[in-house]
Amino acid sequence: MSVEKTLHETWIKRLEHYLQTERYSLSATEKRMAAARQFLIYLRKRQGGLEVVTPAHVQRYLEHKLRIYRKRHGRLPRDSSGWRWGYTGGIHMLLHLAQGKWPPVPEPSSPQEQIRWELCDAYAQWLSETRGLVPETIQNRRTEALRFLDSLGDGAHLSHLTVANLDNYVKSRAPQLQRVSRQHLVTCLRSFLRYLHAQGRITQDLSCAVVNPSRYTFESIPSALRAEHVEAVLKATRRDRTVKGVRDYAILMLLSTYGLRAGEVTGLRLDDVDWRGDRLHIRHSKTGCESFLPLLSPVGEAILKYLQQARPATKAREIFIRVRSPFRPLRGGSSLSHLIEHRLQRAGIRLDRKRGAHAFRHARAVSLLHAAIPLKSIGDILGHRSTDSTHVYLKLATSELRAVGLEIPVEVSR
């Protein structure tokens, strides 16, 4: 047996040990190991090692396997993403073990690109240290800044930046975006231009030259579930006695009772539940603020049932864990979108509008308005920094608005 083949067998054993440690099922383990073995055979024929593999190598391998599939079956796979995942699931896991991180951090393709990346990194640090923005906002603004710099090309210099450059960039991006997203684009671009001026990179503050699309205060109506919808989905989920049902019910109780954002639910940790003091520690993912909310009995009972009966054994400190191996925390707030859509469907609720975690958040705001809770108190519960963020929910309190009658002027006869 060659040294290279022996080394590859060692990696296969390491992969097997990792899969067993993470408690993957037997079938999932076999599929990933089979995919990894085939990839290693492909590398051995080309005298390549795992340590030097790049995403381009993996892509060429997939194209190679696709040619074989097409020759054998006379067609392409019906489920291309599923077919691709059948290979990449095991390959990416193997490469992660071999290289420590996968996919690898991309390297700049030119000295000019290196300069742009360093500038955007400095901008992100400024947003954090000077502006105090939350990581998600910083990442969004950094991404937009880098996209703008890339649009200028390698030969451009910031000292020669003109209003025409800004107009061309906004015009090129605008057709792909809705009006709200175009406003977000302008906000990001203005922020970056102010930074460039503050750092002396440009002589004029060009932020005021970027025209904002017309938007009207409170023009859109937030998506909200009706009270009967919330009650129906909670009732249907509570009847599900499976591990997933117990977990999902606890999540829905948090969303419907407190109006939390999705990221605030997935970010909850075991230490955030003060069982003796009957309160919850909430880190508001959008504003970066923290607050303490009373732990109401129905919510506490739902969480406790999940912890005692359904939560898998794991070292993770986050409360909510995947129901299938690998048993890891739910990945960010976006992981709740499918969960909520599934539970609404199971409850027989069909909605044309958005039906994510914010629909529960908005429903909670409406219920508080119906209870005549002051806007300031509602904002505190929802974790708003400004009352302007809470005012938008007034549009949903239609019954209260109907009660506000306007006097119809009586025609004055001559």
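The values are calculated or read from the model by the stated rules, or taken from the named source; none is laboratory data. The structure presented is a predicted model; accordingly, all values stated were derived computationally and were not measured. Virtual Cβ from ideal backbone geometry, glycine too; neighbours counted across all protein chains shown.
Could you run through segment 290-308 and say how many residues are exposed (fewer than 14 other Cβ atoms within 10 Å of the Cβ) and more than 25 Å from GLY245 (Cβ to Cβ)?
Qualifying residue count for the region: 3.
Would you say LYS13 is more than 14 Å from ALA98 (Cβ to Cβ), of a type outside the set (A, V, I, L, M) and part of a helix (DSSP H, G or I)?
no
Scan (1) at pLDDT below 95; (2) surrounded by fewer than 19 Cβ atoms within 10 Å (Cβ to Cβ) for the single condition THR242 breaks and write down its number.
(1)
Going by the structure shown, is GLY82 surrounded by 13 or more Cβ atoms within 10 Å (Cβ to Cβ) and either out of contact with any helix residue (DSSP H, G or I) (no Cβ under 7 Å at 6 or more places or on another chain) or of a type outside the set (D, E, K, R) (or both)?
no
Just for segment 65-79: of the residues that are within 23 Å of SER27 (Cβ to Cβ) and surrounded by 12 or more Cβ atoms within 10 Å (Cβ to Cβ), which one is nearest to the chain's Cα centre (by Cα)?
Here the answer is PRO77.
In segment 320-334, is there at least one residue being part of a helix (DSSP H, G or I) and out of contact with any Cys (no Cβ under 9 Å at 6 or more places or on another chain)?
The answer is yes; a qualifying residue exists.
Within the bounds of segment 103-121, is there any residue that is more than 30 Å from LEU189 (Cβ to Cβ) and in a helix (DSSP H, G or I)?
no
With the condition kept exactly as written, say whether any residue in segment 85-97 is part of a loop (DSSP other than H, G, I, E, B), outside the structural domain of SER151 (by TED's automatic domain parsing) and under 30 Å from the mean Cα position of the chain (by Cα).
Checked segment 85-97: no residue is part of a loop (DSSP other than H, G, I, E, B), outside the structural domain of SER151 (by TED's automatic domain parsing) and under 30 Å from the mean Cα position of the chain (by Cα).
With (1) farther than 28 Å from GLN59 by Cβ; (2) in contact (Cβ under 8 Å) with a residue 24 or more places away in the chain as the list, and GLU144 as the residue in question, which single condition is left unmet?
(1)
How many of the residues making up segment 17-43 are farther than 21 Å from LYS315 by Cβ and without any contact (Cβ under 8 Å) to a residue 60 or more places away in the chain?
15
Among residues belonging to segment 156-167 that are within 33 Å of the chain's Cα centre (by Cα) and more than 14 Å from VAL186 (Cβ to Cβ), point out the one that is surrounded by the fewest Cβ atoms within 10 Å (Cβ to Cβ).
Ranking the candidates gives LEU158 first.
Has segment 85-98 got at least one residue that is more than 30 Å from PHE39 (Cβ to Cβ) and of a type outside the set (Gly, Ala, Ser)?
Taking every residue of segment 85-98 in turn, none turns out to be more than 30 Å from PHE39 (Cβ to Cβ) and of a type outside the set (Gly, Ala, Ser).
May I ask you to verify whether GLU113 is under 23 Å from GLN59 (Cβ atoms), touching a residue at least 12 places away in the same chain (Cβ under 8 Å) and among the acidic types (Asp, Glu)?
It is true that GLU113 is under 23 Å from GLN59 (Cβ atoms), touching a residue at least 12 places away in the same chain (Cβ under 8 Å) and among the acidic types (Asp, Glu).
Please go through (1) without any contact (Cβ under 8 Å) to a residue 40 or more places away in the chain; (2) of a type outside the set (Phe, Trp, Tyr); (3) surrounded by 16 or more Cβ atoms within 10 Å (Cβ to Cβ) for SER181 and return the number of the only condition it doesn't satisfy.
All conditions pass for SER181, except number (3).
Residue under question is ALA209, and the condition is that it be modelled with pLDDT under 90 and either assigned by TED's automatic domain parsing to the domain that holds GLY132 or surrounded by 12 or more Cβ atoms within 10 Å (Cβ to Cβ) (or both); does it hold?
Yes, satisfied.
Name the residue, out of TYR18, TYR24, that is crowded, with 17+ Cβ neighbours inside 10 Å and over 23 Å from PRO55 (Cα atoms).
Result: TYR24 is the single residue among TYR18, TYR24 that is crowded, with 17+ Cβ neighbours inside 10 Å and over 23 Å from PRO55 (Cα atoms).
Would you say TYR42 is in contact with a helix residue (DSSP H, G or I) (Cβ under 8 Å, 6 or more places away or on another chain) and buried (at least 18 other Cβ atoms within 10 Å of the Cβ)?
no
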